[in-house]
Amino acid sequence: MFKTQLFESQSLLLDPYDPDKDAAYEAFFTRRWHYTWGSMLYTEAHPLSEFQVKKKREEQLKRCAESRDSFLFAIRLREQKRFIGVVELPWVSWSNRMAWMKVLIGEESIEAAYLPEAVKMGLRYAFDELDMALVASSTGEFQPQVLQTLQSLGMRVCVRQRQMVYFQNQYWDRIIVGMSQSDWQTNYSEEQGQ
Amino acid sequence: MSGDLLMGKLVRLVAMDVEEDPRLISEWDRDSEFQRLLNSESASRYNSKQVKEFLEKDIDSMHFYMIQRLEDDRKIGLIDLNGIDWVSRNAWVGIGIGEREFWGKGYGTDAMKVLLRYAFTILNLQRVSLNVFDFNQRGYASYKKCGFKEEGRLPAALLKGGKRWDLIFMGVLRSDWEELQKSTSEKE
């Protein structure tokens, strides 16, 4: 009936996040500053213990279940079911039909290979399932490859917050990108439909 | 500079009275336009007990002040610094004038100037950020006067009154603010 799957793509699965199993891997990912900054699990970006990640994610999953205004998925490789990162909609504004999205891949060596596919899954979920009118995401000026990926998928740079992030002894701009539902339908209409 | 750090030309910023001020805020919320100017989320009504509980929960994580007129000590609005990031030295500001008779008379601009002075000279922040909605032209002009610059907008991000509106992002860097102080003092 539907041409696309929401939780499966060519290489990836959007799975339930399992704090008992995934937190240990994610704690390891937080040794990478880009990951821990993007995850915003703590205000100050620093490596986290398995205990800290588990506690934060359990709290988040509780909020997701209670309020239904945020969503968290584990990204796993289809073949080995290996946990490689997360797709989050940390805030869905139902009255505005607008969602913020974060997609994080833990290992730098596989980020380029899987980030585009994971971002697309997040966008598909937000537009096709939640019927969002706009999805926004942010990155830092120090992550040009992430910005390039987001733009290659059709997200547009909308905001550049000057000197918003301090990292490695200098200030960097925070860049906010967005995609409207009409852009999504224009770009990806061939993959949708019944 | 006056001994009162939070004193402007028209207003002073005062700490919240958790017993009395929630009642005022709850009354201001009856004006849905006030809420639409202040919040991106849908307007609603909260009784003073709910407002008090919200403020008590978050008061330690933000700098929350009531805006009080110098002329008669009347509390006419609120302003807060929230989401302070001490690494990047950034904070977000929210402001609302609850008493409609005082809209467009410079009280909000004066309160914002006081808060920015506090943010940069006392808290040693590097930048202050805010969101404004594109139907709020009065707010936009006021923030420009205080030194904020538009840094972009999320198109049609908000639904208010049955129409979609842009969510505008503005920011003022310490260097912007210092430059503005310099040019203002030269003019005076």
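The values are calculated or read from the model by the stated rules, or taken from the named source; none is laboratory data. Being a predicted model, the structure only gives us computed values, none of them experimental. Every residue, glycine as well, gets a Cβ built from its backbone with ideal geometry; the counts of neighbours run over all protein chains shown. Please note that ligands, DNA and RNA were not included when accessible areas were found on the heavy atoms of the full protein model with its side chains. Shrake-Rupley method; radii C 1.70, N 1.55, O 1.52, S 1.80 Å.
From the list A:Leu130, A:Leu104, the lone residue that is at pLDDT 95 or above and in contact with a Ser or Thr (Cβ under 7 Å, 6 or more places away or on another chain) is A:Leu104. For segment B:135-142, the condition holds for no residue, the condition being that it is open to solvent by 10 Å² or more (accessible area, probe 1.4 Å) and at positive phi. Whenever a residue of segment B:83-104 is away from chain A (no Cβ under 14 Å), its partners that are open to solvent by 60 Å² or more (accessible area, probe 1.4 Å), lying with C-beta atoms within less than 7 angstrom and at least six residues away or across chains, give the pairs B:Gly104/B:Arg138.
Pick out the one residue from B:Ser61, B:Ser129, B:Ser44, B:Ser48 that is under 13 Å from the mean Cα position of the chain (by Cα) and of a type in the set (S, T, N, Q). After applying the criteria, what remains is B:Ser129. Among the residues that make up segment B:114-129, is at least one of them at the interface with chain A (Cβ under 8 Å from one of its Cβ atoms), out of contact with any Leu (no Cβ under 6 Å at 6 or more places or on another chain) and either part of a strand (DSSP E or B) or over 20 Å from A:Ala99 (Cα atoms) (or both)? Yes - at least one qualifying residue is present in segment B:114-129. Tally time: how many residues in segment B:40-87 are over 21 Å from B:Val18 (Cβ atoms) and either surrounded by 20 or more Cβ atoms within 10 Å (Cβ to Cβ) or acidic (Asp, Glu) (or both)? Selection size over segment B:40-87: 4. Within segment B:130-169, the set of residues being farther than 22 Å from A:Met98 by Cα and touching a Lys or Arg at 6+ places or on another chain (Cβ under 6 Å) comprises just one member, B:Cys146. Every residue in segment A:90-139 that is closer than 14 Å to A:Leu13 by Cα and within 14 Å of chain B (Cβ to nearest Cβ), please. Once the filter is applied, which keeps residues that are closer than 14 Å to A:Leu13 by Cα and within 14 Å of chain B (Cβ to nearest Cβ), segment A:90-139 yields nothing. Restricting attention to segment A:31-49, the residues that are in a loop (DSSP other than H, G, I, E, B) and more than 30 Å from A:Gln5 (Cβ to Cβ) add up to 9. For segment B:170-183, taking the residues that are within 12 Å of chain A (Cβ to nearest Cβ) and over 18 Å from A:Val157 (Cα atoms), the one that is surrounded by the fewest Cβ atoms within 10 Å (Cβ to Cβ) is identified as B:Ser175.
Is at least one residue of segment B:160-169 more than 14 Å from chain A (Cβ to nearest Cβ) and touching a helix residue (DSSP H, G or I) at 6+ places or on another chain (Cβ under 6 Å)? Among the residues of segment B:160-169, not one is more than 14 Å from chain A (Cβ to nearest Cβ) and touching a helix residue (DSSP H, G or I) at 6+ places or on another chain (Cβ under 6 Å), which makes the answer no. When you check B:Glu150 against the structure, is it modelled with pLDDT of 95 or more, surrounded by fewer than 18 Cβ atoms within 10 Å (Cβ to Cβ) and either in contact with a strand residue (DSSP E or B) (Cβ under 7 Å, 6 or more places away or on another chain) or within 14 Å of chain A (Cβ to nearest Cβ) (or both), yes or no? Yes. Residues that are within 14 Å of another protein chain (Cβ to nearest Cβ), closer than 30 Å to A:His46 by Cβ and within 17 Å of the chain's Cα centre (by Cα) within segment A:151-194 comprise A:Met155, A:Val157, A:Arg174, A:Ile175, A:Ile176, A:Val177, A:Gly178, listed in sequence order.
Rundown of residues vs (1) modelled with pLDDT of 95 or more; (2) buried (at least 18 other Cβ atoms within 10 Å of the Cβ), yes/no style:
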position	(1), (2)
A:Phe2	no, no
A:Glu26	yes, yes
A:Leu41	no, yes
A:Ala45	no, yes
A:Lys55	yes, no
A:Leu61	yes, no
A:Ala74	yes, yes
A:Arg82	yes, no
